[in-house]
Amino acid sequence: MAAVKAAGREPPVNYVDRTREQYASLGYGEYRWAHEDDPPALVPLTKPLAESRLGLIGSGGIYAVGQTPFTFRDDTTYRAIRSDIDSSQLRATHFAYDLTDARADINCVFPIDTLRGLVEAGAVGALAPSLYACMGGIYSQRRVREELGPQLVARCLSDGVDVVLLVPV
C-alpha cells in the first residue's frame, strides 16, 4: 500500500470490508459470503481464451430497456442480455451500492463494451449470444445455490460457453 501511495495513486478499495460495513450500517447484521464455508473448485481452461466463447454474469442489477428492473432484496431472478445490445440501452438498479458510476458507465459493473473490444483484438474468441445479470446481495444462500446458480449454469451451457467472467458488486 505504501508503494501505491508513494506513486501518487490511491490504494485499491477493500471491497470485502466495505461490503461488510455497508450491510451492517443498513441494519441487516453481519454479511456472510456464500463461499466462506465451501470455496468453489476452479477449473482450468481446456483451450486458449482466444479460442473460447466467453460468458458474463454480473450481480450489479443490470437490465436492458424494456426488461423488468430487479426488486429491492432477495430477488433471485436474472436477466438475459443480448451480447450485441448497445450499452446505452442498459440500466442499473441495486439497493447495496451507489449507482452513480454504473449509471454514468455501465461497463464499470457489466463490462460489455470492454469484452467486445477483447473479441475484436483477438484476445477472446467470441462472446456468448446472451450475457446474464442478477441482483447481488441475496441473503438466502440456499436460494442462490438451489435456484439462481443452476439456472445460470444451464443457460451458459446451452449457450456453449467455455469460460464465464463473474463480475460481483
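Values for this structure:
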{"read-out": "Surface share of carbon and sulfur [accessible, 1.4 angstrom probe, percent] for the chain", "value": "54 percent"}
{"read-out": "Modelled FRET efficiency - R0 41 Å, Asp98 with Ala154, Cβ distances, 0.05 increments", "value": "0.80"}
{"read-out": "Reduced Cα scattering model of region 25-101, Debye log10 I(q)/I(0), q = 0.13 Å⁻¹", "value": "-0.63"}
{"read-out": "Estimated distance in nm for a label pair at Val119 and Tyr139, the labels positioned 7 Å out from Cα along Cα-to-Cβ", "value": "3.9 nm"}
{"read-out": "Label point distance in nm, Ala64-Lys47, each placed 7 Å from Cα along Cα→Cβ", "value": "2.6 nm"}
{"read-out": "The chain, accessible area per residue, ligands and nucleic acids excluded (1.4 Å, Å²)", "value": "60 Å²"}
{"read-out": "Calculated over region 49-167: convex hull of Cα atoms, volume per residue (Å³)", "value": "91 Å³"}
{"read-out": "Burial ranking of peptide ranges 39-52, 57-70, 93-106 (average Cβ count within 10 Å, highest at the top)", "value": "57-70, 93-106, 39-52"}
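The values are calculated or read from the model by the stated rules, or taken from the named source; none is laboratory data. Keep in mind that what you see is a predicted model, and the values were worked out from it rather than measured. Cβ sites come from the backbone with ideal geometry, for glycine too, and all protein chains shown count toward neighbours. The accessibility values were calculated without ligands, DNA or RNA, using every heavy atom of the protein model including side chains. Shrake-Rupley method; radii C 1.70, N 1.55, O 1.52, S 1.80 Å.
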